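The values are calculated or read from the model by the stated rules, or taken from the named source; none is laboratory data. Since this is a predicted model, take the numbers as computed values, not measurements. Cβ: placed from backbone, ideal geometry, glycine included. Neighbour counts: every protein chain shown. Keep in mind that these areas ignore ligands, DNA and RNA; they rest on the heavy atoms of the full protein, side chains included. Shrake-Rupley method; radii C 1.70, N 1.55, O 1.52, S 1.80 Å.
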Amino acid sequence: MREVIRERMGEPEECHYLPDRLARMRYRLIDHCTAETYQRMLERGWRRFGRLFFRHACTTCQECRSLRVEVESFRPSRTHRRVERRNQDLQIVVQPPPLTREHLALYDRYHDDMNRRKGWPERYSEPFDYYLTFVQGHGDFGYEILYLAEDRLVCVALVDVLPRAVSAVYAFYDPAERSRSLGTFSILKQIELAQKHDVPHFYLGYWIAENPSMAYKAFFRPHQILEGRPAFNERPEWQPGSPSD
């Protein structure tokens, strides 16, 4: 099947990460996206939800920067090791992403908690929207990692496995299990997945230095930060992140 790419520019809108700023996104809707096309886009700062790929195109701000972990050199910190011990009882399953009532219920509990604690916009899952965002378009590279405590689903992490990278797509967890630090634990398991597939980089999405909610990403070291927004035919330049990131 042939790739079909349709591209458009979104309208300026209120930025969800930095107050008093406007954000604008560039979108590509890709039917039958190949892993190689996706790999090249990922290296240039693009992300994926379903068949929709996106990258920031803000004209007055470039604070959203792609961050990737150097897999071979990564060593878990003391805090990371504590998190791993805290979750050693969990069962882990890797599979293609499905649509189930259990997934939708967990997604809603997670976002309801984030709305109350952190002021996130209200977001409740309609089955079709969940399917478009997390199930459709996974091709031969999209998976989910399930984390179960005594057969009870406590966390879901969507992840893409590509020729030269593993990319974190999205994760949500049971707020009743917040003491487990499941977000951090899931990242550690995804880095292990990257090590198992012998790829050089694990992509953690966008990192914003001024946004406290994204500070955790810089604690996975060593990591690199993408310079600018290179075009598809330009070579991407990744710079080492500083210890203070």
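Remarks
- Residues in region 168-210 that are in contact with a strand residue (DSSP E or B) (Cβ under 8 Å, 6 or more places away or on another chain), charged (D, E, K, R) and part of a loop (DSSP other than H, G, I, E, B): Asp174 only.
- Test: residue in region 149-163 that is open to solvent by 60 Å² or more (accessible area, probe 1.4 Å) and either closer than 21 Å to Thr79 by Cβ or free of Cβ contacts under 8 Å to residues at least 40 places away in the same chain (or both): yes
- Within region 116-132, the set of residues being open to solvent by 40 Å² or more (accessible area, probe 1.4 Å), at pLDDT below 95 and either closer than 18 Å to Ile145 by Cα or not in a helix (DSSP H, G or I) (or both) comprises Gly119, Trp120, Pro121, Glu122, Arg123, Tyr124, Glu126.
- Matching residues, region 23-42, being within 17 Å of the chain's Cα centre (by Cα) and either outside any strand (DSSP E or B) or under 12 Å from Phe232 (Cβ atoms) (or both): Ala35, Tyr38, Gln39, Arg40, Met41, Leu42
- From Cys58, Cys64, Cys33, residue being buried (at least 16 other Cβ atoms within 10 Å of the Cβ), more than 21 Å from Leu193 (Cα to Cα) and either in contact with a His (Cβ under 9 Å, 6 or more places away or on another chain) or among the β-branched types (Val, Ile, Thr) (or both): Cys64
- Positions within region 1-17 being in a strand (DSSP E or B) and either touching a helix residue (DSSP H, G or I) at 6+ places or on another chain (Cβ under 9 Å) or at positive phi (or both), in sequence order: Ile5
- Sub-6 Å Cβ pairs linking a first residue in region 182-209 that is closer than 26 Å to Arg40 by Cβ and in contact (Cβ under 8 Å) with a residue 40 or more places away in the chain to a second residue that is among the basic types (Lys, Arg) and not in a strand (DSSP E or B), at least 6 apart or interchain, are Val199/Arg164; Leu204/Lys217; Trp207/Lys217, ordered by first then second residue.
- Annotation: of all residues in region 162-187 being among the aliphatic types (A, V, I, L, M) and in contact with a helix residue (DSSP H, G or I) (Cβ under 7 Å, 6 or more places away or on another chain), the one that is farthest from Thr133 (Cα to Cα) is Ala165.
- Test: residue in region 88-100 that is touching a residue at least 12 places away in the same chain (Cβ under 8 Å), polar (S, T, N, Q) and not in a strand (DSSP E or B): no
- Set Phe172, Phe220: member being surrounded by 19 or more Cβ atoms within 10 Å (Cβ to Cβ) and within 12 Å of the chain's Cα centre (by Cα): Phe172
- Tally, over region 82-115, of residues that are of a type in the set (Lys, Arg) and crowded, with 16+ Cβ neighbours inside 10 Å: 0
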